[in-house]
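So the structure is just underneath, and the comments pick up after that.
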Amino acid sequence: MSVTGGKMAPSLTQEILSHLGLASKTAAWGTLGTLRTFLNFSVDKDAQRLLRAITGQGVDRSAIVDVLTNRSREQRQLISRNFQERTQQDLMKSLQAALSGNLERIVMALLQPTAQFDAQELRTALKASDSAVDVAIEILATRTPPQLQECLAVYKHNFQVEAVDDITSETSGILQDLLLALAKGGRDSYCGIIDYNLAEQDVQALQRAEGPSREETWVPVFTQRNPEHLIRVFDQYQQSTGQELEEAVQNRFHGDAQVALLGLASVIKNTPLYFADKLHQALQETEPNYQVLIRILISRCETDLLSIRAEFKKKFGKSLYSSLQDAVKGDCQSALLALCRAEDM
């Protein structure tokens, strides 16, 4: 092992591991979600409890929240089917009629299959230009390939149009190229080996890609390379040019294309931090952006919300739980806090 300046230089293995964030380990560990499969699960008892919650004297919102925020999405689907068989009524429609406001939105999102929830969010974003870039990047860039494929299949089934057709009709230029490339899901898988030659080639290609006619070079690099490779590219780009790649994006791109590339770079470098930043921004608005809070907490509570909480506390000096407690009001507060799960000291 080599020694430099009295200190041991990191081994190649250590260098590689340093680039692997908590989000990368989620699939292997399976312990970074705040909501996990409920071990003492009884589908009959849960269905009966929900029925009592909406047929008694007044709606028992606490019972509804307690059941739905303590069961995995798969278990919630089983409860829905049992409720249908027991009552001949659709659970989503029954709860929708009993609830209102943001709590209703949370409950509806909890009861939808993941792909259906993502497809609806993507469709809404693409048809509302003010949020298209942000939400499209979030969904297309942070879902696993199987999740993305299922989302796009549901999108076509539910809306009778391909998502790529909506992307084509609602966007243009570099942004359109980026979203279409992400929708194809053609990103390389990390094989455990860093290709230093390819990293250098990508750095040189990005440096040469100046002017509108060559900006498309950024699209294949950002959408086809695996995150571990791209982190190497980001580091080498800074060493070679003296500026971070994000600075180059800000100098060369404008508008939606700049927002998309910066968002994608953030996802690549540290996915939990990307979500922590989005949650913080949603909480800092005059009125909390409940759509963002609901989408992120529900979509990440079974995967990496613990990692997101850690990044949130590290960057902003205050826990996500306390931030939600201070900013969120009304019936939906208990549901969002239940998904967040606990205070980070």
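The values are calculated or read from the model by the stated rules, or taken from the named source; none is laboratory data. Everything quoted here is computed from the prediction, not taken from an experiment. Positions of Cβ are generated from backbone atoms using ideal geometry, with glycine treated the same way; all protein chains shown enter the neighbour counts. In case anyone asks, the SASA skips ligands and DNA or RNA and just uses the protein heavy atoms, side chains included. Shrake-Rupley method; radii C 1.70, N 1.55, O 1.52, S 1.80 Å.
A few remarks follow.
- Residue, farthest from SER169 (Cα to Cα), within the range 119-138, restricted to residues that are free of Cβ contacts under 8 Å to residues at least 40 places away in the same chain and open to solvent by 50 Å² or more (accessible area, probe 1.4 Å): GLN120
- Failed item in (1) open to solvent by less than 10 Å² (accessible area, probe 1.4 Å); (2) assigned to a helix (DSSP H, G or I); (3) within 30 Å of ALA141 (Cβ to Cβ), with GLN116 passing the rest: (1)
- Applying a threshold of 8 Å to beta carbon distances and a minimum spacing of six or more residues, or different chains, the list of pairs starting in the range 195-210 at a residue that is touching a residue at least 40 places away in the same chain (Cβ under 8 Å) and of a type in the set (Val, Ile, Thr) and ending at one that is assigned to a helix (DSSP H, G or I) and surrounded by fewer than 17 Cβ atoms within 10 Å (Cβ to Cβ) is empty.
- Per the conditions (1) under 17 Å from GLU302 (Cβ atoms); (2) within 25 Å of the chain's Cα centre (by Cα), the sole criterion not satisfied by ALA136 is (1).
- Scanning the range 68-89 for residues that are more than 18 Å from GLY33 (Cβ to Cβ) and open to solvent by less than 50 Å² (accessible area, probe 1.4 Å) turns up ILE79, SER80, ASN82, PHE83, THR87.
- Options THR223, THR217: the member that is modelled with pLDDT under 95 and surrounded by 21 or more Cβ atoms within 10 Å (Cβ to Cβ): THR223
- A single member of ASP277, ASP326 is farther than 14 Å from LEU35 by Cβ, open to solvent by 60 Å² or more (accessible area, probe 1.4 Å) and at pLDDT 95 or above, and it is ASP326.
- Of all the numbered requirements in (1) buried (at least 19 other Cβ atoms within 10 Å of the Cβ); (2) part of a helix (DSSP H, G or I), GLU247 misses one, and that requirement is (1).
- Subset tally (residues that are in contact (Cβ under 8 Å) with a residue 12 or more places away in the chain and of a type in the set (Lys, Arg)) for the range 82-104: 1
- GLY58 being among the small types (Gly, Ala, Ser), crowded, with 17+ Cβ neighbours inside 10 Å and not in a helix (DSSP H, G or I): no
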